[in-house]
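Have a look at the structure below, then the notes.
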Amino acid sequence: MSAQITRTLDLKGLSCPLPIVKTAQAIRELRSGELIEALATDPGSVADFEAWCTTTGNELVERGEADEAFRFVIRKK
Amino acid sequence: MAVQEAELAVPAHVHEEHSKHKKLVIIAWSGDLDKVWPQMILATTGAAMGMQTTIFFTFWGLFSLVKDGVHITGENWMQKMVAMMDRPGMEHLKLGKMNFAGAGPKMMRHLAKEHKVASPGELLEMAQDLGVRLVPCQMTMDLLGLTREDMIEGLGEPVGATAMLLEAQDAITLFI
């Protein structure tokens, strides 16, 4: 059973660096341990979300595709 | 949905060394649209990655911090001439190449909108929201006759080269 997603960000169509910048802005509103879901179409976002989670310490718990977009689920540190 | 085993996007050594550089200093020297853009993209990204990010604006870079409504800056005719030949402000930047009397930047901004690339002005707002420190260079402000009143809100105190280099000592430093 998957945990509850607190917030979903629709970042479809947005180009670098907006998917990451908007995720960083949005995750500030979450509490530690809460999940944020991000949907992006920028092909660069696959590498960017991975790199972003590595440096920030937030956990990339899911990565896949949904609604013709890349889907990332991130647990706030 | 199951987690996909996509190609590893981050080289292995990054995992071990990522904590080394937690600071980013961008020396924003250029006032060309095609250089201000990467200044803003890298600053917002650095801040989003949790890096303590500072942009040090000097020479032509200072003019992108001039308020939109301010056309002429400077005290004497030479300083005023600089602003007259090159209108200050984030919305009036020229391209470093293919400017074509302003047609180039217009086309570039149009393309950017189509591709949902944020404008430098929008990115500057995001940078401020993410806590990027925007620091003007005191010496070039004096040289070019720019005052705090000419410039946008939310800037740090103007500093000199020493303060900037001190900040840059343990940071990734980019000169753009």
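The values are calculated or read from the model by the stated rules, or taken from the named source; none is laboratory data. Since this is a predicted model, take the numbers as computed values, not measurements. Here the Cβ positions follow ideal geometry from the backbone for every residue, glycine too, while neighbour counts run over all protein chains shown. Areas reflect the complete protein model, heavy atoms only, side chains present, ligands, DNA and RNA absent. Shrake-Rupley method; radii C 1.70, N 1.55, O 1.52, S 1.80 Å.
At a glance:
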{"item": "Residues located in segment B:113-153, provided they are at positive phi and more than 14 Å from chain A (Cβ to nearest Cβ)", "result": "B:GLY145"}
{"item": "Matching option when the condition is more than 17 Å from B:ALA28 (Cα to Cα) and assigned to a loop (DSSP other than H, G, I, E, B), among B:ARG109, B:ARG87", "result": "B:ARG87"}
{"item": "Of the criteria (1) part of a helix (DSSP H, G or I); (2) more than 14 Å from chain A (Cβ to nearest Cβ); (3) crowded, with 18+ Cβ neighbours inside 10 Å, which one B:THR73 fails", "result": "(1)"}
{"item": "Residue within segment B:2-22 that is of a type in the set (Asp, Glu), modelled with pLDDT under 85 and either outside any helix (DSSP H, G or I) or surrounded by 12 or more Cβ atoms within 10 Å (Cβ to Cβ) (or both) present", "result": "yes"}
{"item": "All positions within segment B:119-176 that are open to solvent by less than 50 Å² (accessible area, probe 1.4 Å), in a helix (DSSP H, G or I) and of a type in the set (Val, Ile, Thr)", "result": "B:THR140"}
{"item": "Per-region count, segment B:95-116, residues surrounded by 17 or more Cβ atoms within 10 Å (Cβ to Cβ) and either in contact with an Asp or Glu (Cβ under 7 Å, 6 or more places away or on another chain) or more than 13 Å from B:LEU33 (Cα to Cα) (or both)", "result": "1"}
{"item": "Single condition B:TRP37 does not satisfy, out of (1) aromatic (Phe, Trp, Tyr); (2) away from chain A (no Cβ under 14 Å); (3) not in a strand (DSSP E or B)", "result": "(2)"}
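Every residue, every condition in (1) at pLDDT 95 or above; (2) more than 24 Å from B:GLU125 (Cβ to Cβ); (3) buried (at least 16 other Cβ atoms within 10 Å of the Cβ); (4) over 10 Å from the mean Cα position of the chain (by Cα), yes or no:
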{"position": "A:LEU11", "(1), (2), (3), (4)": "yes, no, yes, no"}
{"position": "A:VAL21", "(1), (2), (3), (4)": "yes, no, yes, yes"}
{"position": "A:ILE27", "(1), (2), (3), (4)": "yes, no, yes, no"}
{"position": "A:LEU30", "(1), (2), (3), (4)": "yes, no, yes, yes"}
{"position": "A:LEU35", "(1), (2), (3), (4)": "yes, yes, yes, no"}
{"position": "A:ALA40", "(1), (2), (3), (4)": "yes, no, yes, no"}
{"position": "A:THR54", "(1), (2), (3), (4)": "no, yes, yes, yes"}
{"position": "A:ALA69", "(1), (2), (3), (4)": "yes, yes, yes, yes"}
{"position": "A:PHE72", "(1), (2), (3), (4)": "yes, yes, yes, no"}
